Each structure stands twice: as structure tokens, then as C-alpha cells.
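Bear in mind that the values in this text are calculations on the coordinates, not laboratory data. Just so it is clear, the structure is predicted and the values come from calculations on it, not from any experiment. Note: ideal-geometry Cβ built from the backbone for every residue, glycine included; neighbour counts use all protein chains shown.
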Amino acid sequence: MASLRVAVFAASCALLAASVSSAPAPAVYKVGDERGWAVPSANGTETYNHWAKRNRFQVGDILNFKYANDSVLLVSHDDYKQCSTEKPVSRFTGGDTKFTLDGLGPFYFVSGVPGHCEKGQRMIARVRMPSSLTAGAPAAAPGMPPTVGAGGAPRPAASSPTVPSVAGSAGSVSTPTPAPSPLPQASGASSRRASVVSSIVVGLAVVGVVTLFVVA
């Protein structure tokens, strides 16, 4: 009888370990947060590339593009640099596109509407290795998000509030860009943590039930 209890307890522990170590559900990221996929305004709106850098995408995560009277194009690196929309890898026009990041490396997105890419409606999503495999790597210091100028082109952020940045023609000096307010944490990372916590709770509940059964 004692050996049976030991075997059941060992099986319960193995089940708990499996539930904790299982891969969490893919995270879903709403591109651009509340403003969705649209041409950035000229009032210092965060660029899509800086939004992407705030998040840590992993293989299997989902980018949710929400837009109206627009489109999403997956393009090559060269077409991204040139804002070319003639030969996209994929084209999406449904207004609520869910794109699964199915591999490592950069994914390049632009708007399919003429002139929108040039005004800042484009993004690079970099998919990295899971954080558990890169825990020993030093984290990069967060930078100030670039802002969009009146012409739609991103303006470089000032590295220090006391040092003016030089832009445009020689001799013209622009005032330093003020530091933005703290940005909210991405919902995708929160859902990934919630999935891990729920796996631990389920595993503990199973162990508890099996232990009560053995003792009885």
C-alpha cells in the first residue's frame, strides 16, 4: 500500500511539473494599441517601430491589425525601405487582420494605400528567442520614442534634454523633444503571464485532489 501511495504521489508531481513547464498560449498584440493601424498624426504620436520595440514578440504570437479604408502588406526588406507596394509577399484588406508570427527574424509591414507608408505607416516586427533562453543577456537601456513631424517623417529623439539636436539644413537647431509620459505595458505580455499562472494553479489543484484520494 505504501508503494502505491509513493507511485501515485510521484505521478502527481510529474503532472504538476508538466503543467508548469508547458508552453503558454500565444500572446495577441493589438498593433498601435487604441489608435490601430493608421497614418500617424503630426502631434508627436509614437511611431509603429517604437511600439514594436516596446514588445517582445515570440514565435506563435499574433499581431492584430485593426483599420478602416486601408490595408496591410507584408513586404521584403528592400520594398520596406522604398515603400514599394507593387509586389507584396501577402496583402490583407479585411479591416481586422490577425497575423501569426511563424518564425524568427524581422517581419516588414507597410500600408497598401499610396502615400501612407511615406507618412510613417510602416513597421518592423522582430521575433526573438524565448526570454528563458536569453535570460543571461544584458537588457538594452530604453530610449526615447521618436516622434512624427509635420511631413510625416520621424524626427530623431534628443539624447539629453540639455543638448539641442541638429536637424534640416546646416545651422538650423531644433528644440529638444520633451520626454513622453510612461507608456502602458503591452496586453500580450500580460496574457502570457496569466497563462503560466493558470497552469500552476491547475497543477496544484490536481496534486491536492490526488493526495486527498490517497490519504482516504
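I'd like the Karplus ³J(HN,Hα) series for segment 112-126: coefficients 6.51, -1.76, 1.60, θ = phi - 60°, whole numbers in Hz, and an x wherever there's a Gly or Pro.
Listing the rounded values in order: x, 7, x, x, 6, 4, 5, 8, x, 8, 7, 7, 10, 9, 9 Hz.
Does segment 26-129 come out rounded, prolate or oblate, given a ≥ b ≥ c as the square roots of the eigenvalues of its C-alpha gyration tensor, rounded meaning a/c under 1.5 and, failing that, prolate meaning a/b above b/c?
rounded
Please list the non-local residues whose amide H lies under 5 Å from the amide H of V127, H modeled 1.01 Å from N, same-chain partners needing a gap of 5 or more.
Counting only residues 5 or more places away or on other chains, the set is G105, F107.
Within a Cβ distance under 12 Å of V127, other residues only, what is the Lys/Arg minus Asp/Glu net charge?
Summing Lys/Arg as +1 and Asp/Glu as -1 gives +1.
In the neighborhood of V59, defined by Cβ-to-Cβ distances under 11 Å, what is the net charge if each Lys or Arg adds +1 and each Asp or Glu adds -1?
Result for the local shell: -1.
Sorting check: for 103-114, 82-93, 47-58, which peptide has the highest mean count of neighbouring beta carbons within 10 Å, and how do the rest follow?
Per-residue Cβ counts within 10 Å, averaged per peptide and sorted highest first, yield 47-58, 103-114, 82-93.
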